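Notes for the one structure printed next.
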Amino acid sequence: MVGLEAEAEYAEQAYDRVAGDYDDLFAAHTTPINERLDRGLELRPGLRVADLACGTGLRTIEMARAVAPG
């Protein structure tokens with residue numbers, strides 16, 4: 001179990017180092033995909049959306065604005 005605990009601690013420390021900049025670090029890679037998703041969903045006021053394990057929720061806020069009041 002010591003190996004798993006060490007791996008978990010390493011992962012936690014690595015995440016803590018990038019957590020504050022996570023969205024900025026990955027936005028360049030995910031923005032085109034998310035924009036295509038948004039267009040494909042044809043979001044409009046009155047619809048409802050659910051964020052199920054979609055990262056930090058950065059896109060969730062934008063999607064919520066697109067469907068407000070939803």
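The values are calculated or read from the model by the stated rules, or taken from the named source; none is laboratory data. Being a predicted model, the structure only gives us computed values, none of them experimental. So basically every Cβ, Gly included, is an ideal-geometry build from the backbone, and we count neighbours across all protein chains shown. We work out accessible area using only protein heavy atoms, side chains counted, and drop any ligands, DNA or RNA first. Shrake-Rupley method; radii C 1.70, N 1.55, O 1.52, S 1.80 Å.
State all residues of segment 50-69 that are surrounded by 10 or more Cβ atoms within 10 Å (Cβ to Cβ) and not in a helix (DSSP H, G or I); if no residue qualifies, say none.
Result: ASP51, CYS54, GLY55, THR56, GLY57, ALA68.
Would it be correct to say that ASP23 is touching a Gly at 6+ places or on another chain (Cβ under 9 Å) and in contact (Cβ under 8 Å) with a residue 12 or more places away in the chain?
Spelling it out, ASP23 is indeed touching a Gly at 6+ places or on another chain (Cβ under 9 Å) and in contact (Cβ under 8 Å) with a residue 12 or more places away in the chain.
Tell me yes or no: at least one residue of segment 3-22 is outside any helix (DSSP H, G or I) and either open to solvent by 50 Å² or more (accessible area, probe 1.4 Å) or not polar (S, T, N, Q) (or both).
No, that holds for no residue.
Out of all the residues in segment 23-35, which are hydrophobic (A, V, I, L, M, F, W, C) and open to solvent by 60 Å² or more (accessible area, probe 1.4 Å)?
LEU25, PHE26, ALA28, ILE33
With in a helix (DSSP H, G or I) and among the aliphatic types (A, V, I, L, M) as the only criterion, which of LEU43, LEU47, LEU25 stands out?
LEU25
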